[in-house]
Number of protein chains: 4
Amino acid sequence: MSSYISSETAKMVTDFRDERNWKQFHNPKDLAVSISLEAAELLEIFQWSGEKTGIDGKEDKVREELADVFNYCILMADACGLNADEIIREKIQRNAEKYPAEKAFGSSKKYTEID
Amino acid sequence: MSSYISSETAKMVTDFRDERNWKQFHNPKDLAVSISLEAAELLEIFQWSGEKTGIDGKEDKVREELADVFNYCILMADACGLNADEIIREKIQRNAEKYPAEKAFGSSKKYTEID
Amino acid sequence: MSSYISSETAKMVTDFRDERNWKQFHNPKDLAVSISLEAAELLEIFQWSGEKTGIDGKEDKVREELADVFNYCILMADACGLNADEIIREKIQRNAEKYPAEKAFGSSKKYTEID
Amino acid sequence: MSSYISSETAKMVTDFRDERNWKQFHNPKDLAVSISLEAAELLEIFQWSGEKTGIDGKEDKVREELADVFNYCILMADACGLNADEIIREKIQRNAEKYPAEKAFGSSKKYTEID
């Protein structure tokens, strides 16, 4: 399943903001707050689910709330003048150093705990 | 500033997971937890910043933590079999109904409060 | 197990802050940010735990991170001039109206979904 | 302003749960999720507030949402068999070691950054 975001779609997100004159509210601190709030709405879908960790019967909500997190991440990148594609590649590079494939293989330990 | 994510980059994210055999841990509930945790790390950059809402002197950290949120969102989309581009467009459509440009123009009110 | 907080302990929390001259940083917005961050650290203990929802082998971490959330809640109440005991009782009263015992019995539904 | 929580109030919180037969849902992982969600609702009060970090016009909401965080913390302590008063004192002790008053005085730096 491809998870790319086309530049047309990214532009739709910032156009939506601009058509409503919302850029004035989009300071980085409040955007970081907003990403946290949307992440909480995504997480709420799984509240009280106990041992059930899947999305049976929850797909519509997940589509919607995950989209909200993506949206605000795009808006945060835009507000901070960051290129999403570039920062993701940069981070993969760093993570590859923290989690060498051979050491981290099949382990959910944090990099500070693997050796 | 373009915030697209190329399919090459999205594939790098899922390849990173697969090279470490981590898909076994990636159930939707724990991925939603992880998105919340990374969102918190992004937010932590602004803890105790008071009235300073910008990113002066914080750009490196923002690059890294915002990338982490993007990464887990891509992994969540993949684990749930969702197409990121499609769900974002879908959500923009819904938001356009909740926040008509003329009514929401220049207002930070929630859609339940605008009239 | 009693979960009261004595006034001596609450005073230790605010004294700790005052001995370090930290009240100057404790505006309500940043305290709300801090409560979210500490809640995330508590949640991190359960990241990648999958179907295991208990605290076996995690008790020490839970003690510490849950205490941090309590601490910041006490500091937020103090900064906002709120009486913790009073606002909790007030909220129980409201919740009793939203979730009448007979209707909510044994159900994890949200009040907007019960009838 | 005192922020103690009386044992009567703590008992009201657990009685409320028991009258609704909700203990069955209260595993530690979902309680940690719930604390995060309530913390997000508290934080939402400050979304888009920009440089305004106070609670003018927001006190009623803060009373309610902060109470919710306290409530779930009490329920988490109860579910894990922890004594709130004890774990808070324990944590103050640890924090006193990480943040000696003379070194941390008037500084918002993290303990890993002070010297």
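Assorted remarks:
- Relative contact order (%) - the range C:1-100, alpha-carbon pairs under 8 angstrom, separation at least six: 34
- Gap separating the Cα centres of the range A:66-105 and the range B:1-54, nearest whole Å: 6
- Mean accessible surface per residue for the protein assembly as shown, computed with a 1.4 Å probe while every protein chain stays in place, in Å²: 44
- Cα long-axis angle, helix B:84-98 against chain B (0 to 90 degrees, to the nearest 10): 20
- Between copies, the label points of residue D:56, set 7 Å from Cα on the Cα→Cβ line, lie 2.4, 5.3, 5.5 nm apart, reported in increasing order to one decimal in nanometres.
- Across identical copies of the chain, residue D:96 has label-point separations of 4.0, 4.9, 6.2 nm, listed in ascending order, with the point defined 7 angstrom from Cα along Cα→Cβ.
- If you look at the Cα atoms of the range A:51-115, you get an Rg and a Dmax of 16.5, 41 Å.
- The charge dipole of the range C:65-115, taken about its Cα centre with unit charges on the Cβ atoms of Lys, Arg (+1), Asp and Glu (-1) only, comes to about 260 debye.
- Between helix A:7-19 and chain A: long-axis angle, C-alpha atoms, 0 to 90°, nearest 10: 50
- Helix-only arithmetic for chain A: the sum of -39500 (n - 2.57) across DSSP H runs with n ≥ 4, divided by the residue total, places the mean residue ellipticity at 222 nm at -19500 deg cm²/dmol.
- Taken along the Cα-to-beta-carbon direction at a fixed 7 Å, the label points for residue D:98 and residue D:113 span 1.4 nm.
- Along principal axes, Cα extents of the protein assembly as shown, largest first, whole Å: 57, 53, 42
- Legend: P(r) of chain D from all alpha carbon pair distances, 5 Å bins from 0, whole percents, reading 2, 9, 14, 16, 16, 18, 15, 7, 2, 1, 0.
- Chain C Cβ-axis minimum, rotational copy A, residue and distance in Å: C:51, 2
- Note, ³J(HN,Hα) from phi for the range B:36-44, Karplus 6.51, -1.76, 1.60, rounded to Hz, x at Gly and Pro: 4, 5, 5, 4, 5, 5, 5, 5, 4
- Loss of accessible area when D meets C, both sides summed, Å² nearest 100, probe 1.4 Å: 7200
- Protein accessible area in chain C, 1.4 Å probe - carbon and sulfur %: 44
- Of A:61/B:110; B:110/D:23; A:52/B:23; A:11/B:29; B:52/C:61; A:109/B:23, pairs whose Cα-Cα distance is over 23 Å: B:110/D:23; A:11/B:29; B:52/C:61
The values are calculated or read from the model by the stated rules, or taken from the named source; none is laboratory data. As the structure is a computational prediction, the values presented were derived from the model and not from experiment. Glycine gets a Cβ as well: all are built from the backbone with ideal geometry, and neighbour counts include every protein chain shown. The area values use the complete protein model at the heavy-atom level, side chains included, leaving out ligands, DNA and RNA. Shrake-Rupley method; radii C 1.70, N 1.55, O 1.52, S 1.80 Å.
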